[in-house]
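Everything on this sheet refers to the single structure shown next.
Quick note: the coordinates plus some simple rules give every number you see, no bench work behind them. Keep in mind the model is a prediction, meaning the values are calculated, not measured. Virtual Cβ from ideal backbone geometry, glycine too; neighbours counted across all protein chains shown.
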Amino acid sequence: MSSAGGAPQNVIPAHLLRGQKALVTGANSGIGMATAIGLGRAGADVVVNYVAGRDEAEKVVEEITSFGVRAAAYEADVSDEDQVVAMTQRMVEEFGTIDILVANAGLQRDAQFTEMTLAQWQKVLDVNLTGQFLCAREATKEFLRRGVVPEVSSAAGKIICMSSVHQLIPWAGHVNYASSKGGVAMMMQTLAQELAPKRIRVNAVAPGAIKTPINRDAWSTPEAEQELLQLIPYGRVGDTQDIAHAVVALASDLMDYVVGTTLYVDGGMTLFPGFATGG
Ligand code: BGC
């Protein structure tokens, strides 16, 4: 089977998130970039966070502002507490508040287990898990300060944690990454439980194989793509747009009663496709 088609085009309603202010971490490439643009297309003002790659971040800002909303690029390392505090304070000063946090920034440092250094383990946990913790904590302080503004949203705030199918699927050679995403899953549910009474909705999106720089080796040649497709019942490798669509929907009031859920956006990767004919 070959990979046919891509994500549907032009499906984001232009006014779905009008008046809302969104912060997307790691928004200068891959899933974060598409998500920031998608939120802008839906009418939100967007802060495009990046840690390196200012030019790309500025290009994202330019594209978002073409939709007639505000955007700005903020540099901050999500694993650095002071920088996260400064970034969220700046956003409140310059944009007025934060309604939506997409805790997206993440990375891989792959190695076989006995070869994995403590630095590789630590780096992935610092960015993928601690980074989400810090950003969620600072955004939550602002949600609590402001409370619900019914004209803007039924919720006081929305946090969307970028997880992965590897919060569920063990992944040999990637113990740091899989552990970080397993941690994200439990952090998300615990925060959802703690914050729901304050009308803050915490959820996660768990992408499968999406074409981004993080996994280029897995899809960039026809042979690699063919092999990857064995794991994807829906028969195409995902686009960053697929994730943007899920985040926009989850962030909107269409999903107001969705609390503490992981939305898998994976073309069926978590359906154990090996069992379609085996077992
Ligand atoms: C990883 C990708 C991988 C995908 C499916 C993602 O979370 O970052 O490298 O292709 O999961 O295995």
Across the chain, qualifying lysine pairs (alpha carbons under 20 Å, at least 8 places apart or different chains) come out at 11
Whole-percent tail of the Cα-Cα distance distribution for segment 41-175, cut at 17 Å, equals 65
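Arrange the following residues from fewest to most other Cβ atoms within 10 Å of their Cβ: L168, L134, L39, L191. Can you show the working numbers first?
On the way: L168 17, L134 25, L39 32, L191 21.
The fewest-first ordering by Cβ neighbours comes to L168, L191, L134, L39.
Assuming R0 = 22 Å, can you tell me the calculated FRET efficiency for the pair V11 and D253, based on Cβ-Cβ distance, to the nearest 0.05?
Working: r = 17 Å, r/R0 = 0.79.
That pair, V11 with D253, gives E of 0.80.
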What helix-only [θ] at 222 nm does the chain give? Using -39500 (n - 2.57) per DSSP H run of at least 4, over all residues, to the nearest 500, the answer is -12000 deg cm²/dmol
Relative contact order as a percentage, the chain, C-alpha pairs under 8 Å and 6+ apart, gives 20
With the chain reduced to its Cα atoms and the Debye formula applied, log10 I(q)/I(0) at q = 0.09, 0.14 1/Å amounts to -0.39, -0.97
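Translational diffusion coefficient of segment 167-279 at 37 °C, 0.692 mPa s, Stokes-Einstein with Kirkwood Rh over Cα pairs, in µm²/s as a whole number.
Values: Rh = 15.6 Å.
Answer, rounded: 211 µm²/s.
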Cα extents of segment 115-238 along the principal axes, largest first, in whole Å, come to 51, 36, 21
In order over segment 176-181: 3J(HN,Hα) from phi, Karplus 6.51/-1.76/1.60, θ = phi - 60°, whole Hz, x for each Gly or Pro, gives 5, 5, 4, 5, 5, 6
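For the peptides 111-122, 241-252, what is the packing order when you average, over each peptide's residues, the other Cβ atoms within 10 Å and list the highest mean first? Write down the numbers at each step before the final one.
On the way: 111-122: 11.7, 241-252: 24.2.
By packing density, highest mean first, the sequence is 241-252, 111-122.
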